[in-house]
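Below: the structure, in structure tokens.
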Amino acid sequence: MRIVWFRRDLRLSDNDALTAAVRSGEQVVCVYVHGSSWPTGRASLAWLSASLEALDGSLRSRGSRLVQLTGEATHALKTFATRFNASDVHCSRVWTPEGLTEERAVADALTEAGVALRVSEGQLLAVPDAVRTSNGRPFSVFTPFHRAWLGAWRPESALPAPARVPSPEVTPEKTASAIPDATERLRRWWTPGERGAQERLAAFVADGLASYDTTRDLPALHGTSELSPHLTFGEISPRSVVSAILAEHGEDVAAPFLRQLAWREFAAHVLLAHPETVSRPLRPEFEGFEWREDAQALDAWKEGRTGFALVDAGMRQLAETGWMHNRVRLVCGSFLTKDLLVNWRRGEEHFRETLVDHDPASNVFNWQWVAGSGADAAPYFRVFNPSLQAARFDPDGAYVKRWVPELGTDRYPKPMLDHATARMRALAAYEALKRTGAPPGPRR
Ligand SMILES: Cc1cc2nc3c(=O)[nH]c(=O)nc-3n(C[C@H](O)[C@H](O)[C@H](O)COP(=O)(O)OP(=O)(O)OC[C@H]3O[C@@H](n4cnc5c(N)ncnc54)[C@H](O)[C@@H]3O)c2cc1C
């Protein structure tokens, strides 16, 4: 008997671990273990709950079901494998420091019980170990990473979902779910699960990709794929995304989108090389940066009451939908870390709690990028002006009006600060770090 341990690969299509287990010809039990370090945010937990329900439905239509276990993966899987007399546990690798630690611990625990852990790839297009500088070191600058990354993998066709997942008749009694039900609000905006992911991808390939490079910075439009939560939970593999895109479009058209997938993999690459960056700045000179403690300002930012319409629109979009357009994430991040001089970690924590696409690597990477303390980051002198950003990327105000309907009335707050003064204060604080000045980062 085989066990498939689902982790961040909540799909049946293009799932090497599941395919290997089914191809063994043996019976297969599919499990998910609650209790690992991710996800923890309330938005991600709601998504997870809905996604597991979808996965269970897909498995049931193929003669199986999803068994949900709680507790440490080591203990839960060892006990379960022993109880079912399983010979092998199949899983997909999770390319985070914690995911790899968990994998090693599970492998050791299973070995003690005489069970083999068989690990497949699928979370990333290029295995991080295969993307190295000429000295064999990890990259810290995006442009050369991107070049090496493009040469480290090839587009491949995706595996079909198995038609049947033969499972034993005995269903385990002790299954539990420790997660909250998905909120109605989440389902108003999203369809968590593999089918929702595939529909979103098909719509993007048909209607979005060709204009992606020109519309991706315009938050009023659905100009980006909005695949991020589906990719985060592995409801669709990046290989399936690329294969669907290249089946319909040439490489030139696909290139700007592939570049964004490269940012996703660069974030994973940087976190693996620098696990300490979850809480500490990658650039050591930022250790001494004097952030301001300002609980009221932080609350105004979280609640979308800063008086800067683009910032408030973004924060309200996040609160309502669990997602925010990338251009607006950059503006909101800049406002918190530069206009308000609040530590990027407060922003990272809030996003971790509220994003449905929360990814441990991408969130930390992008917050450090915005703050100027990260890999190949925005230089300290790039302080976004929220009003100019709105004029440029939301010229007719459609986005801000959608999320801030009281704009222009007495009910909308006055700006909480003068941007020009705040900008000067930020520049003075950053210059105090006596940095020599980093070159501007590449276009995002
Ligand atoms: C402060 C801040 C925090 C962020 N936190 C997260 C996070 O927790 N999880 C997350 O997935 N993205 C995060 N991002 C990156 C980016 O904003 C989202 O990936 C993107 O908005 C998702 O929308 P989309 O799927 O329509 O993107 P598309 O433009 O369609 O891009 C396709 C895919 O590429 C990846 N991608 C695109 N841009 C980036 C980027 N800058 N960094 C890493 N991957 C990227 C995502 O997987 C995305 O789904 C953050 C950005 C900022 C500025």
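The values are calculated or read from the model by the stated rules, or taken from the named source; none is laboratory data. Because the structure is predicted, anything quoted here is derived from the model rather than measured. Counting neighbours? That spans all protein chains shown, and the Cβs are built from the backbone with ideal geometry, glycine included.
Points worth noting:
- Residue match in region 228-251 (condition: within 11 Å of the ligand (Cβ to nearest atom), among the charged types (D, E, K, R), at negative phi and surrounded by 19 or more Cβ atoms within 10 Å (Cβ to Cβ)): no
- Among residues of region 311-343, those that are hydrophobic (A, V, I, L, M, F, W, C) and either outside the structural domain of TRP403 (by TED's automatic domain parsing) or farther than 21 Å from TYR380 by Cα (or both), counted: 6
- In the set VAL131, VAL67, VAL94, only one residue is on the phi < 0 side of the Ramachandran plot, surrounded by 20 or more Cβ atoms within 10 Å (Cβ to Cβ) and assigned by TED's automatic domain parsing to the domain that holds PRO238; that residue is VAL131.
- Only one of LYS434, LYS401, LYS414 that is among the basic types (Lys, Arg) and modelled with pLDDT under 95: LYS434
- Residue among ALA113, ALA163, ALA148 that alone is touching a Lys or Arg at 6+ places or on another chain (Cβ under 9 Å) and touching a residue at least 40 places away in the same chain (Cβ under 8 Å): ALA163
- Search result, residues across region 340-367 that are more than 9 Å from the ligand (Cβ to nearest atom) and more than 14 Å from PRO39 (Cα to Cα): LEU340, LEU341, VAL342, ASN343, ARG345, ARG346
- In the condition set (1) charged (D, E, K, R); (2) touching a residue at least 24 places away in the same chain (Cβ under 8 Å); (3) more than 16 Å from the ligand (Cβ to nearest atom), GLU287 is compliant with all but (2).
- Search result, residues across region 20-38 that are aliphatic (A, V, I, L, M) and within 24 Å of the chain's Cα centre (by Cα): VAL31, VAL33
- Contact annotation: residue pairs with Cβ atoms under 7 Å, 6 or more positions apart or on different chains, pairing a residue in region 337-364 that is touching a residue at least 60 places away in the same chain (Cβ under 8 Å) and among the basic types (Lys, Arg) with a partner that is near the ligand (Cβ under 8 Å from one of its atoms) and not in a loop (DSSP other than H, G, I, E, B), are ARG352/ASN363.
- Residue match in region 419-435 (condition: under 30 Å from ARG147 (Cβ atoms) and assigned to a loop (DSSP other than H, G, I, E, B)): yes
- If the condition is being assigned to a helix (DSSP H, G or I) and either within 10 Å of the ligand (Cβ to nearest atom) or assigned by TED's automatic domain parsing to the domain that holds ARG264 (or both), then region 369-406 contributes TRP369, VAL370, ALA371.
- The number of residues in region 369-396 being hydroxyl-bearing (Ser, Thr, Tyr) and either surrounded by 23 or more Cβ atoms within 10 Å (Cβ to Cβ) or touching a Gly at 6+ places or on another chain (Cβ under 8 Å) (or both) comes to 2.
- Residues in region 305-326 include none that are at pLDDT below 95, in contact with a Pro (Cβ under 8 Å, 6 or more places away or on another chain) and under 21 Å from ALA422 (Cβ atoms).
- Conditions (1) within 9 Å of the ligand (Cβ to nearest atom); (2) closer than 18 Å to THR40 by Cα; (3) touching a helix residue (DSSP H, G or I) at 6+ places or on another chain (Cβ under 6 Å): number failed by GLY333: (2)
- Checklist (1) touching a residue at least 60 places away in the same chain (Cβ under 8 Å); (2) closer than 18 Å to LEU330 by Cα; (3) polar (S, T, N, Q) applied to SER240, failing item: (2)
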